[in-house]
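A short write-up of the structure that comes next.
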Amino acid sequence: MSRPLDEVFTATRAAGRAALIGYLPAGFPTPQESVELITAMVHAGVDIIEVGLPYSDPLMDGPAIQEAVDLALKAGTTTDVVLDTVAQVTAAGATAVVMSYWNPIERYGVERFAARLADAGGVGVIAPDLTPEEAGPWIAATTGRGLDRVFLVAPSSTDTRITTVCSVTSGFVYAASTMGVTGARSEVSSAAPALVARTRRLTSLPIAVGLGVSTGAQAHEVAAYADGVIVGSAFVRRILDAVDHASALARVGDLAAELAVGVTR
Amino acid sequence: MATSSTLPHDDNPPGHFGPYGGRFVPEALTAALDQLDDAFQAAIVDPAFGAELAELERTYTGRPNPLTPVLRFGELCGGARVFLKREDLNHTGSHKINNVLGQALLTTRMGKTRVIAETGAGQHGVAAATAAALMGLECTVYMGEEDTRRQALNVARMKLLGAEVIPVTIGSRTLKDAINEAMRDWVASVDRTHYLLGTVTGPAPFPTMVRHFHEVIGREAREQILAAAGRLPDAVVACVGGGSNAMGLFSGFLDDPQVQLRGYEAGGDGVETGRHASRFSTGVPGVLHGARTYVMQDEWGQTLPSHSISAGLDYPGVGPEHAYLHDTGRAIYESVNDDEAMTAFAALCRTEGIIPAIESAHALAGAMRLGRELGPEAVIIVNLSGRGDKDVATAAAWFGIELGHSESM
Ligand SMILES: Cc1ncc(COP(=O)(O)O)c(C=O)c1O
């Protein structure tokens, strides 16, 4: 049986474009509003949604996402709320993976989290601080449940390391384009094409590029060499800067539409 | 340099202490941690590195520092024979310099030109700024805004030494958040920057490496107590923030089962109030700042804020090796509340003419408790991890001493 992420990449490849992957924390700015915002992203052309699990110590994230997850936590976003968000956006047509630091998953119970996520219709997890060496229990819990495990490669990864990472990865490989935290940047790092090319030689998995992409033009540039384009902080920033929920919905939809044009080649 | 003592868990996978430790970091840091581990492993078998560090310890830090018998203070500890390991007499005023000099030498060996550090009490930040000045490195120190206020003297010291001090204004504005910011800096600057982590926490190889550079405390203390008392102590006692001064002292006695290892963490306003840093009484195993260890967290895995009068103990995680020593029962950890620590602080001032750091006062309070349990025949070593100059304002406020007037405590 082919898996939802495989199906997305098969379809986008056939259409001659990259997949558009959008991130938003669950519960931001409130649980209900986040469901509506994510749904708006899907309707405007986002292929895969990364539902962020808000965490108290987001040490890989820049100011925009720090602020967003802080608001989400203050709005009472627990792991159960995140799973409920996944269920709701899946029902609205999204292909959703969870993006989470490792501790909340471990605390919830690795088996329990995997089971509940699968029940909610989630299709995978990105855990940016989980290394392959520490991933034994996670690999056991996801195998047989149809959940994909997305791991990261970075410009500093050696070829040996990329091979190790890819050996436990499924769905797609997350190529972190920059040495740095999340956040919109005026230019996508020049390290990205080289990292993708290097990874391409070592795996047949789809490769998605994240960190720093914020405009349609940047998405277009990345789509020329990657299978997927990941955008997070730019969506978050649109919402943080919006005067009210209606305008947040409109701005998020506009950005998604601009990016969806961008990812065509 | 003497070799590390053999531990029951030395055959665990590298960087692990039983189920604890490991590496939970973004992939971008893997290469830097590997590079650091390689540099560390190469250095500790290189006699030239050992000689250079030993020379700095002798001529710069002022090692060996003494083991001071404290008879009058011992009377308050059930009459036990108490000795203080005088890390407070090191250059910069605490044990932190031991680790900093080792890592600063490694920084140079790796060809890096900048160090970053987190600091709570400011002692690690001061030590890092000092070593950076000595070795011509750039230095940036992240410090929670709340801590920059309560440890203002140390902020000024760091600036005098040429370091940039960045107050961290997010989260709980204490040590935990300073570490988050330092990690964010590091991931973006790792090419030329070494993260000079200040305690035995964090991803491998930090817990092992930082402990290694503090083993000199335990080595000296063991030799000194054998000379002074003619036998091994019944207990060695230290405060535990991240746990570096404790690991340094404990390491000298790990293989002596008759020596009790006692760690004291901050009980703050009292464990029952929720305002404390008692990881072992309320924490559960989890992952924080790159390692699996005991973490103060809620049922969803969100880190809980810690609290202590002592900035250096105000941290919701603890070094993974301590988690292992706790679970195996080799070391015993208890809490000391703010008021108990301040009573011990005053006691040492008045009985021995030594003003301790408030962190170290937690260990002194532990010794007062333990000595009464063990009785007058007992020999106890307390790690006096730092001196109290930085805490004078806090202590004055606690005891109602008006600064600028000459009133007594
Ligand atoms: C004097 C002193 N003692 C103890 C500590 C706690 O650190 P650790 O538990 O790593 O020794 C600090 C930390 O700032 C300190 O300044």
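Brief remarks follow.
- The stretch B:89-106: number of residues that are open to solvent by 10 Å² or more (accessible area, probe 1.4 Å) and more than 13 Å from the ligand (Cβ to nearest atom): 2
- Yes/no for B:ILE309 being part of a loop (DSSP other than H, G, I, E, B), under 16 Å from B:SER360 (Cα atoms) and among the aliphatic types (A, V, I, L, M): yes
- Answer from B:PRO257, B:PRO285 - the residue that is more than 16 Å from the ligand (Cβ to nearest atom) and touching an Asp or Glu at 6+ places or on another chain (Cβ under 9 Å): B:PRO285
- Conditions (1) within 16 Å of the ligand (Cβ to nearest atom); (2) open to solvent by 40 Å² or more (accessible area, probe 1.4 Å): number failed by B:ARG86: (2)
- Residue within the stretch B:47-55 that is open to solvent by less than 30 Å² (accessible area, probe 1.4 Å) and at positive phi present: no
- Residue, least open to solvent (accessible area, probe 1.4 Å), within the stretch B:292-311, restricted to residues that are over 23 Å from B:GLY122 (Cα atoms) and within 14 Å of the ligand (Cβ to nearest atom): B:THR293
- Every residue from the stretch A:124-152 that is touching an Asp or Glu at 6+ places or on another chain (Cβ under 6 Å) and either open to solvent by less than 10 Å² (accessible area, probe 1.4 Å) or more than 9 Å from chain B (Cβ to nearest Cβ) (or both): A:GLY124, A:ALA141
- Restricting attention to the stretch A:157-187, the residues that are under 27 Å from B:GLY286 (Cβ atoms), among the polar types (S, T, N, Q) and either at pLDDT 95 or above or not in a loop (DSSP other than H, G, I, E, B) (or both) add up to 5.
- Residue match in the stretch B:312-325 (condition: surrounded by fewer than 24 Cβ atoms within 10 Å (Cβ to Cβ) and either acidic (Asp, Glu) or within 12 Å of the ligand (Cβ to nearest atom) (or both)): no
- Residue in the stretch B:189-200 that is open to solvent by 10 Å² or more (accessible area, probe 1.4 Å), more than 14 Å from the ligand (Cβ to nearest atom), within 22 Å of B:THR107 (Cβ to Cβ) and within 20 Å of the chain's Cα centre (by Cα) present: no
- Qualifying positions in the stretch B:282-311 - in contact with a helix residue (DSSP H, G or I) (Cβ under 6 Å, 6 or more places away or on another chain), facing chain A (nearest Cβ under 8 Å) and over 16 Å from A:SER100 (Cβ atoms): B:HIS289
- Residue in the stretch B:259-280 that is open to solvent by less than 10 Å² (accessible area, probe 1.4 Å), under 21 Å from B:ARG23 (Cβ atoms) and in the same structural domain as B:LEU384 (by TED's automatic domain parsing) present: yes
For every residue, the table says whether it meets (1) open to solvent by less than 30 Å² (accessible area, probe 1.4 Å); (2) closer than 26 Å to A:GLN66 by Cβ.
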{"site": "A:MET179", "(1), (2)": "no, yes"}
{"site": "A:THR182", "(1), (2)": "yes, yes"}
{"site": "A:LEU195", "(1), (2)": "yes, yes"}
{"site": "A:VAL209", "(1), (2)": "yes, yes"}
{"site": "A:TYR225", "(1), (2)": "no, no"}
{"site": "A:ALA248", "(1), (2)": "yes, yes"}
{"site": "A:GLY253", "(1), (2)": "yes, yes"}
{"site": "A:ALA260", "(1), (2)": "yes, no"}
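- Which numbered condition B:LEU249 misses (of (1) over 21 Å from B:ILE44 (Cβ atoms); (2) within 16 Å of the ligand (Cβ to nearest atom)): (1)
- Count of the stretch B:201-219 residues which are open to solvent by 30 Å² or more (accessible area, probe 1.4 Å) and within 16 Å of the ligand (Cβ to nearest atom): 1
- The set of residues from the stretch B:166-183 being open to solvent by less than 20 Å² (accessible area, probe 1.4 Å) and outside any loop (DSSP other than H, G, I, E, B) comprises B:VAL168, B:LYS176, B:ASP177, B:ALA178, B:ILE179, B:ASN180, B:ALA182, B:MET183.
- The listed residues are B:ARG231, B:ARG219, and the only one of them that is within 17 Å of the chain's Cα centre (by Cα) and in the same structural domain as B:LEU84 (by TED's automatic domain parsing) turns out to be B:ARG219.
The rows are residues; the columns are (1) open to solvent by less than 60 Å² (accessible area, probe 1.4 Å); (2) in a helix (DSSP H, G or I); (3) of a type outside the set (Ser, Thr, Tyr); (4) without any contact (Cβ under 8 Å) to a residue 24 or more places away in the chain.
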| residue | (1), (2), (3), (4) |
| --- | --- |
| B:ILE354 | yes, no, yes, no |
| B:GLU359 | yes, yes, yes, no |
| B:ALA363 | yes, yes, yes, no |
| B:ALA367 | yes, yes, yes, no |
| B:ARG372 | no, yes, yes, no |
| B:ASN383 | yes, no, yes, no |
| B:VAL392 | no, yes, yes, no |
| B:ALA395 | yes, yes, yes, no |
| B:TRP398 | no, yes, yes, no |
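- Among the residues listed as B:GLY198, B:GLY218, B:GLY202, B:GLY162, the single one being part of a loop (DSSP other than H, G, I, E, B), of a type in the set (Gly, Ala, Ser), within 30 Å of B:PHE253 (Cβ to Cβ) and away from every other protein chain (no Cβ under 13 Å): B:GLY198
- Enumerated helices (runs of 4 or more DSSP H) restricted to the stretch B:21-103, each holding at least 1 residues that are closer than 21 Å to B:THR208 by Cβ, in contact with a Pro (Cβ under 9 Å, 6 or more places away or on another chain) and outside the structural domain of B:ALA363 (by TED's automatic domain parsing): B:30-44
For (1) of a type in the set (Lys, Arg); (2) closer than 24 Å to A:THR39 by Cβ, each residue gets a yes or a no:
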| position | (1), (2) |
| --- | --- |
| A:ALA176 | no, no |
| A:ALA184 | no, yes |
| A:ALA191 | no, no |
| A:VAL196 | no, no |
| A:HIS220 | no, no |
| A:TYR225 | no, no |
| A:SER247 | no, yes |
| A:ARG251 | yes, yes |
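- When the stretch A:27-81 is limited to residues that are of a type in the set (S, T, N, Q) and buried (at least 23 other Cβ atoms within 10 Å of the Cβ), the one that is farthest from the other protein chains (Cβ to nearest Cβ) turns out to be A:SER34.
- Residue within the stretch B:28-44 that is more than 14 Å from chain A (Cβ to nearest Cβ), surrounded by fewer than 16 Cβ atoms within 10 Å (Cβ to Cβ) and either at pLDDT 95 or above or farther than 16 Å from B:MET110 by Cβ (or both) present: yes
- Scanning the stretch A:198-217 for residues that are at pLDDT below 95 and not in a loop (DSSP other than H, G, I, E, B) turns up just one, A:GLY210.
- Taken over the stretch B:120-140, the criterion of being within 12 Å of the ligand (Cβ to nearest atom) and outside any loop (DSSP other than H, G, I, E, B) is satisfied by B:GLN123, B:HIS124, B:GLY125, B:VAL126, B:ALA127, B:ALA128.
The values are calculated or read from the model by the stated rules, or taken from the named source; none is laboratory data. Every value quoted in this text rests on a predicted model; they were computed, and no experiment measured them. No Cβ is skipped: glycine too gets one built from the backbone with ideal geometry, and neighbour counts run over all protein chains shown. SASA here: full protein model, heavy atoms, side chains in, ligands and nucleic acids out. Shrake-Rupley method; radii C 1.70, N 1.55, O 1.52, S 1.80 Å.
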